[in-house]
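Please read the structure below before turning to the comments.
None of the figures in this text is laboratory data; all of them are computed from the coordinates on show. Given the structure is predicted, the values throughout are model-derived calculations rather than measurements. Here Cβ is always computed from backbone atoms with ideal geometry, including for glycine, and neighbour counts include all displayed protein chains.
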Amino acid sequence: MNQSWVEPVSLAGWGVRLVPLELGHAAGLADAAADGELWTLRVTSAPEPGQEAGYIAEALATPDRVPFAVLDEAGLVLGSTSYHDIAPEVHRLEIGYTWYRRSVQRTHVNTACKLLLLTHAFETLDAGAVGWRTDNENFASQRAIERLGARKDGELRHHKLRRDGSVRNTVMYSMLADEWPPAKERLTARLRQR
């Protein structure tokens, strides 16, 4: 974990809570991933059955990653997300490793999580930029990132292995600090309309 800039923190609002990921969330992640058998999708990072503890341990052991469990107000685990690729020297981080149980996809959950994470990044951490990366075949993710107000930076070709062993291109996005205020207004308005 990058103790010099980004610390684990709990964030809440708009019907969701982001709490530091811990081994105690393993059963909840298993239940969330089973809602839609998300491990069968080659463009998601959801853990396979029985691999939840390893997924959590790896996330916690990655030096430039701060992982969260995503919960609803009642404490049901909805999925997971992370700050990652944290670069304190330029005040940049990325948001990723994001996945949600199928039953809350295309609801307010992703917008709420991103609003919480972006608010913390830009207004508490004083980030200069927040980035995202996604599989070039994950069109739903690309549309969701674009709806946040992020700009497409480009595509890294032949960049990373998918879980099925194929090689993906990675689409890169970012939002700069001066682009955050109007994006925050749009995201807040969208959540108020729900």
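Numbers at a glance
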{"quantity": "Test item: Cα-centred dipole of the chain, Lys/Arg +1 and Asp/Glu -1 on Cβ, debye", "calculated": "740 debye"}
{"quantity": "Protection-proxy order for peptides 90-102, 166-178, 126-138, each taking the mean of Cβ atoms within 10 Å per residue, highest first", "calculated": "90-102, 126-138, 166-178"}
{"quantity": "Sequence-separation-based contact order of the chain, relative, with Cα cut under 8 Å and 6+ spacing, percent", "calculated": "19 percent"}
{"quantity": "For the stretch 11-193, Kirkwood radius (reciprocal of mean inverse C-alpha pair distance, Å)", "calculated": "16.6 Å"}
